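**Q** Structure incoming, see below.
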Amino acid sequence: MTTATFAPAAPAATKSPGMASGLRWLLSDTATLTRRNLLAVTRIPEALFFSTVQPIMFVLLFRYVFGGSIHTDATSYVNYLMPGIFVQTVAFGAVSTSIGLAEDLQKGLIERFRALPMSRGAVLLGRTTADLIRNIFVITIMTIVGVLVGFRPTTGVLHYLAGIGIILLFAYALSWGFAIVGLSAPNSETAQVMSFPLIFPLTFISSAFVPVANMPSWLQGFATYQPVSVTVSACRSLMLGASSTGTGRSTGFWVVQSLAWSVVLLVVFIPLAIRKYRTRT
Amino acid sequence: MPIAIEVENLQKTFKGKREVRALDGVSFAVEEGTVFGLLGPNGSGKTTAVRVLTTILRADAGTARVLGHDVQKKAALVRTLIGLAGQYAAVDENLTGRENLRMVGNLNHLPRDVVARRAVELLDQFNLSDAGDRPLKTYSGGMRRRLDLAAALVARPTVLFLDEPTTGLDPQSRNDLWEVIERLVGGGTTVLLTTQYLEEADRLASSLAVIDNGKVIAEGTPESMKADLGATVLEVGLPSIDDAARTGVILDGLGTHAALVNGTVVEVTVDEGPQAAMAALRALDSAGIAPQSFNLREPSLDDVFLSLTGHRTEEVVSDDDGDLSPRQKRKKKRLEELAEALPVGTGEFS
């Protein structure tokens with residue numbers, strides 16, 4: 001170590017945040033933490049595997065192993081499958097929001113953040129924003145994989161992008177929900193264990209992989225109108241036309257349903273997550 | 001000397017399965033530019049006091065001020081003045097040393113060029129330049145603590161809180177950190193240090209408060225505490241536990257405090273070392289007890305603690321994890337990990 005002294009100097013930062021600099025700090029702190037969270041994704045091999053290789057395996061599994069036994073009248077099975085895979089991927093990915101936050105709490109990092117003069121909201125915003133960006137990356141990869149195995153969207157680029165937008169908004173809402181799970185868990189392992197029982201029924205008792213019509217009638221109502229299914233149907237309608245859902249409903253119907261779910265979930269989850277973050281000691 | 005940290009009647013109770021009174025009316029004051037040691041065993045309330053002072057936790061009652069600013073009413077301002085290095089080495093495993101320092105600099109809203117410059121300076125000052133661009137996963141326990149401390153210094157805080165900065169470190173790393181802390185104080189920074197190592201408090205702190213069960217049970221300089229206790233410690237090793245018990249009874253009358261029997265070793269603090277030693281030897285001889293060892297030594301802060309609380313600092317009250325808070329479990333786990341990572345020894349080096 002060198003012999004340099006550590007004489008304290010007047011901090012260079014502005015002392016009291018006004019309204020404008022408060023917002024500026026929220027944005028800059030969120031950007032700092034978003035970058036930090038994204039760097040972590042690239043440096044944890046498990047996380048990278050979880051968010052890219054696993055969904056590819058699901059595509060191959062359903063496309064080539066199960067797909068032959070699943071009959072879809074309105075469109076080819078691979079076309080039917082891909083919107084479902086997109087939504088499943090972001091839904092599973094939302095679990096990483098809970099794991100990441102639980103880990104930050106467990107390791108004492110959030111303790112350090114709380115003693116820094118940073119924006120209070122930046123921890124949650126940075127986490128959910130990083131997950132949003134990761135989702136954009138993952139869906140791009142999944143689109144390429146889909147095309148390679150025969151996925152052929154029929155409605156044009158704008159509709160396709162609108163479908164992606166619907167998924168990303170839904171994923172963002174889920175991230176806030178799983179932030180609550182992460183803030184409630186004592187450690188990251190428990191966060192993961194707590195998350196899957198929530199996400200499994202939503203992704204598999206749905207229209208993501210198989211048409212709901214073949215399920216027992218008592219299950220069909222839930223499987224058709226739960227949030228994952230309506231988002232899959234909205235995405236399917238936008239990418240392949242309304243008839244591809246095999247439900248007889250219009251594109252607008254599903255899009256409105258999905259948007260409504262996302263908005264409601266955000267309105268409920270964001271304040272709950274913020275409260276949980278504030279009270280968690 | 002102006003006061004940098006002022007704590008009055010601080011109280012905090014954690015409600016849960018079992019109510020824990022972490023702070024039960026704690027008061028103390030720290031002068032600017034000094035190192036203040038908050039000394040106590042696990043679970044005594046040291047960390048809770050630091051968490052209140054660093055605005056992480058709200059106290060139930062009492063006031064705490066840093067440089068005259070109330071930590072609850074002026075939390076945002078206080079955060080710009082303080083630095084915190086914790087016992088958990090709260091740094092991001094997945095980032096490099098430099099990235100960690102830059103992150104903290106950015107979150108302190110320092111200008112970009114200052115952030116980059118500070119990261120370089122601190123890596124250099126903490127002997128981490130070579131490791132600066134490696135992820136923290138590859139760092140040793142000592143390197144992690146150094147980086148943690150560096151992160152606390154990015155914004156050049158006027159008041160620095162060090163929560164058990166060397167717990168679980170090997171002797172060499174501890175010494176390195178002690179040197180850094182001594183240099184910091186030389187530069188005018190006020191430091192509040194919590195520790196369970198009496199040697200550490202003795203070496204670094206100019207004044208001390210001993211805390212146990214959420215209460216300050218003694219205050220003063222390390223020297224005055226040792227002086228209060230008695231000038232010399234007489235330490236007698238016996239061949240059997242029976243002999244030790246008998247010796248305890250014999251030596252009780254000689255000391256300034258009751259003799260302490262610990263296995264086959266008996267300790268008593270005395271005012272006049274040589275005279276007391278002669279009296280002790282005569283008494284033992286006439287009782288037919290032959291000691292195996294016989295030492296006179298300066299009292300350590302460990303002796304102070306023992307005489308104040310009746311238990312030693314390193315004693316863990318319970319091994320049952322069910323009684324530990326998540327924070328304490330985390331600490332225990334971390335210590336176990338650190339102990340595993342070290343080639344020799346565990347957390348005790350005195």
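The values are calculated or read from the model by the stated rules, or taken from the named source; none is laboratory data. Worth saying up front: this structure is predicted, and the values here are computed from it rather than measured. Virtual Cβ from ideal backbone geometry, glycine too; neighbours counted across all protein chains shown. These accessible areas exclude ligands, DNA and RNA; they are computed on the full protein's heavy atoms, side chains included. Shrake-Rupley method; radii C 1.70, N 1.55, O 1.52, S 1.80 Å.
**Q** Does segment B:11-21 contain any residue that is touching a Leu at 6+ places or on another chain (Cβ under 7 Å) and open to solvent by less than 10 Å² (accessible area, probe 1.4 Å)?
**A** So far as segment B:11-21 goes, no, none of its residues is touching a Leu at 6+ places or on another chain (Cβ under 7 Å) and open to solvent by less than 10 Å² (accessible area, probe 1.4 Å).
**Q** State yes or no: is A:Ala102 within 14 Å of chain B (Cβ to nearest Cβ), buried (at least 23 other Cβ atoms within 10 Å of the Cβ) and free of Cβ contacts under 8 Å to residues at least 24 places away in the same chain?
**A** no
**Q** So, of the residues in segment B:73-128 that are assigned to a loop (DSSP other than H, G, I, E, B) and more than 9 Å from chain A (Cβ to nearest Cβ), which turns out to be surrounded by the fewest Cβ atoms within 10 Å (Cβ to Cβ)?
**A** B:Lys73
**Q** Does segment B:180-206 hold any residues that are within 13 Å of chain A (Cβ to nearest Cβ) and assigned to a helix (DSSP H, G or I), and which are they?
**A** Matches in segment B:180-206: B:Val180, B:Ile181, B:Glu182, B:Arg183, B:Leu184, B:Val185, B:Gly186.
**Q** Just one of the numbered conditions (1) touching a residue at least 12 places away in the same chain (Cβ under 8 Å); (2) closer than 17 Å to B:Leu296 by Cβ; (3) out of contact with any Ser or Thr (no Cβ under 7 Å at 6 or more places or on another chain) is not true of B:Thr256; which one?
**A** (3)
**Q** Then there is this: Does B:Leu177 satisfy being free of Cβ contacts under 8 Å to residues at least 40 places away in the same chain, touching a Leu at 6+ places or on another chain (Cβ under 9 Å) and open to solvent by less than 40 Å² (accessible area, probe 1.4 Å)?
**A** The answer is yes for B:Leu177.
**Q** Follow-up. Any residue at all in segment B:211-234 that's modelled with pLDDT of 85 or more, open to solvent by less than 10 Å² (accessible area, probe 1.4 Å) and under 21 Å from the mean Cα position of the chain (by Cα)?
**A** yes
**Q** Given A:Thr42, A:Thr89, A:Thr128, which one is within 14 Å of chain B (Cβ to nearest Cβ), more than 30 Å from B:Arg156 (Cβ to Cβ) and in a helix (DSSP H, G or I)?
**A** A:Thr42
**Q** While we're on this one: Does A:Ala242 qualify as being within 19 Å of A:Thr75 (Cβ to Cβ), over 18 Å from the mean Cα position of the chain (by Cα) and open to solvent by 50 Å² or more (accessible area, probe 1.4 Å)?
**A** Spelling it out, it is not the case that A:Ala242 is within 19 Å of A:Thr75 (Cβ to Cβ), over 18 Å from the mean Cα position of the chain (by Cα) and open to solvent by 50 Å² or more (accessible area, probe 1.4 Å).
**Q** It is to be established whether one or more residues within segment B:41-59 are in contact with a strand residue (DSSP E or B) (Cβ under 9 Å, 6 or more places away or on another chain), in the same structural domain as B:Lys215 (by TED's automatic domain parsing), open to solvent by 50 Å² or more (accessible area, probe 1.4 Å) and not β-branched (Val, Ile, Thr).
**A** Within segment B:41-59, one or more residues are in contact with a strand residue (DSSP E or B) (Cβ under 9 Å, 6 or more places away or on another chain), in the same structural domain as B:Lys215 (by TED's automatic domain parsing), open to solvent by 50 Å² or more (accessible area, probe 1.4 Å) and not β-branched (Val, Ile, Thr).
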